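In what follows, a structure is listed as structure tokens, so that the remarks can point back to it.
The values are calculated or read from the model by the stated rules, or taken from the named source; none is laboratory data. In this text the structure is predicted, and so the values were computed from the model without any measurement. All Cβ positions, even for glycine, are placed from backbone atoms using ideal geometry, and neighbour counts span all protein chains on display. Just the protein is used for accessible areas: all its heavy atoms, side chains included, with ligands, DNA and RNA removed. Shrake-Rupley method; radii C 1.70, N 1.55, O 1.52, S 1.80 Å.
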Amino acid sequence: MPNYKQVDVIDYGGGNVGSLLRSLERLNIPYQLFAGDTTENPFPTGTNPIILPGVGAFEALMQALHTRGHVTVLKQLVQNQKVPFLGVCVGLQVLFEGSEEASDSCEGLGFLKGKVVKFTQGKVPQIGWNYVNAKQAGWQEGFVYYVNSYYAVPEDPSAVLFESVYEGTAFCGAVAKENITAFQFHPEKSGEFGQALIAHWWERVNEQ
Amino acid sequence: MPTTAPNGFCKRIIPCLDVDSHGRTVKGIQFQGLRDIGDPVEMAIAYEAQGADELVFLDISASFEGRKTLVELVKKVAKELRIPFTVGGGISSLPQVLDLLNAGADKVSINSSAVRNPKLIEEIATHCGSQCCVLAIDAKYHGIRNEKPSWDVLVKGGREVTGLDALDWATQAVNLGAGEILLTSWDKDGTGSGFDCHLTSTLSQALNVPVIASGGASGVESFTEVFTQGKADAALAATIFHDGIWQVSTLKHALHKEGIIVRL
């Protein structure tokens, strides 16, 4: 049973990671930022679980990950070595093969099979609180805060961890498969329930 | 959890806190000016605990000193709060926006400065994303214009009529990148006689971004009306919460009974 000392947070120079870091502080989960090959201590080594926060556009995030040298490292650690991984928001979307938001030539990390598509009903983006229905055992249900125009469609339906419904469209709110967990919503902005989800992920990776 | 309404996408309840240059929450009292009603950080924590879905902080000083106080306040709030919050009041440039977002605000709200300089909306949307950019519109009924009901856009705290039509302005702002509209009715604000459902539905149905209704909040029925007839995506109020007329949780339970989907 591992007893991790900290999480390693991928910093790609864009997006507001502050609120996620404050969440980790409130939960007493130590963290270290890894800003890629622009710095002295660029990459996680796989000794700790990895978090990829994500704000902004799919293509911009992929480009930033490439520029900072994170893609090769993430493939090695998360895909091959099965290091525990948590993605948030666009950090979930880039786990898939591609997105309607990005050009066809822009490939995602491809750790999970499937594509990211745009909402076709209602006001887009979805901004606000929605309910998550658990599709896997061991997770609580509750309300979470979303800001998203796009959502992932995993090829493997058993990878869906949470499902929500927006304007009649059921969509994937979170995925969990092997070492990978990812939330489309913002747990760090989802009140006490959101905090509990991050805490629960941390407990699970320490129990596995 | 027993439910009478389905759990799905929620209508949001948003308490609003006016903050002065000393970083205190204040409330305007008729003929008496402003009264200090508490520490905004403590109030924010209390509102989150009551079940507020989001908070709005408005800097009513809009002074240089007030600006510095505000950034410090945003840092304190961000440390404590686990729900999204918007900051507005006197924001007129991208550097000011970046200061507030870097301090931990999730969104900024702009008003008069966007009327003067609509490009500001585009700048914020391009640099920070539309989801950060809330356009606040103060609107007052004008009458029939071009054979349709029309509302004037007011600026400078309601003291100046711009000649802009509220729906036209909101449409232009959304095209420039505004991600949400915070719509205050100057016919209803401070009256406690219910939200302006006509104004709210006119904008909400025409726009593909959320509309937050503000001005006139009173009882449960005023919220039910603005969410159903008014098609509002969220509703904002100050006095009813500050004065303890409604706890956010009591209001939300009452709305839930009325079949409105809220986060409980």
- Query: Hey, can you rank B:207-218, A:124-135 by average C-beta count inside 10 Å, highest first?
  - Reply: B:207-218, A:124-135
- Per q in 0.10, 0.18 1/Å, what log10 I(q)/I(0) does a Debye calculation on the alpha-carbon atoms of chain A return? -0.37, -1.36
- What does the helix-only formula give at 222 nm for chain B: each DSSP H stretch with n ≥ 4 adding -39500 (n - 2.57), the total divided by the residues, and the result rounded to the nearest 500 deg cm²/dmol? -10500 deg cm²/dmol
- Task: Determine the relative contact order of the stretch A:7-92: mean sequence separation of Cα pairs under 8 Å and six or more apart, normalised by residue count, in whole percent.
- Result: 35
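Within the accessible area of chain B, what % is carbon and sulfur when the probe is 1.4 Å and the other protein chains stay in place? Write out the running numbers ahead of the final one.
Details: 5660 of 11140 Å².
Carbon and sulfur: 51 percent of the exposed surface of chain B.
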- Task: Rounded to the nearest Å, what's the spacing between the alpha carbon centres of the stretch B:136-166 and the stretch B:182-224? Just the number, please.
- Result: 14
- Message: If I take all pairs of Cα atoms in the protein assembly as shown, what percentage of them are more than 40 Å from each other?
- Response: 19
- Stokes-Einstein D for the stretch B:88-198 at 25 °C, 0.890 mPa s, Kirkwood Rh over Cα pairs, in µm²/s? 170
- Taking Cα pairs under 8 Å and at least six residues apart, what relative contact order does the stretch B:170-223 come out at, in percent? 44
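Can you give me the orientation-averaged projected area of the convex hull built on the Cα atoms of the stretch A:32-146, in nm²? Please list the in-between numbers first.
Values: hull surface 34.7 nm².
For the stretch A:32-146, averaging the hull's shadow over all directions gives 8.7 nm².
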- Can you tell which of A:Pro30, A:Pro84, A:Pro154 shows the greatest fluctuation in a Gaussian network model of chain A with Cα springs below 10 Å? A:Pro30
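Any idea what the relative contact order of chain B is, in percent, if you count C-alpha pairs under 8 Å spaced at least 6 apart?
Working: 556 pairs, mean separation 48.8, N = 264.
Taking the mean separation of contacting Cα pairs over the length of chain B, I get 18 percent.
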- Item | From phi via Karplus (6.51, -1.76, 1.60), per-residue ³J(HN,Hα) for the stretch B:164-177 in Hz, x at Gly/Pro | 7, 8, 4, 5, 4, 5, 5, 4, 4, 5, 5, 4, 7, x
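Per residue, how many Å² of accessible area does the protein assembly as shown show with a 1.4 Å probe?
Per-residue accessible area for the protein assembly as shown comes out at 41 Å².
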- Determine ³J(HN,Hα), in whole Hz, for all residues of the stretch B:19-25 in sequence, where each value follows from phi through the Karplus function 6.51 cos²θ - 1.76 cosθ + 1.60 and θ = phi - 60°; x replaces Gly and Pro. 10, 9, 5, 8, x, 10, 6
- Take peptide A:122-134, look around each residue's Cβ out to 10 angstrom, count Cβ atoms belonging to other protein chains, and average those counts. 6
- Task: Whole number please: convex hull volume per residue, Cα atoms of the stretch B:160-248, in Å³.
- Result: 100
- Within chain B, the cysteines whose Cβ lies no closer than 4.7 Å to any other cysteine Cβ are B:Cys10, B:Cys16, B:Cys133, B:Cys197
- Hydrodynamic radius of the stretch B:12-257 per Kirkwood, over alpha carbon pairs, in Å: 17.9
- Query: How crowded by other chains is A:53-61, given as the mean number of beta carbons from other chains within 10 Å of each beta carbon?
  - Reply: 1
- Take the alpha carbon atoms of the stretch A:128-189, find their center, do the same for the stretch B:231-264, and report the distance between the two centers in whole angstrom. 26
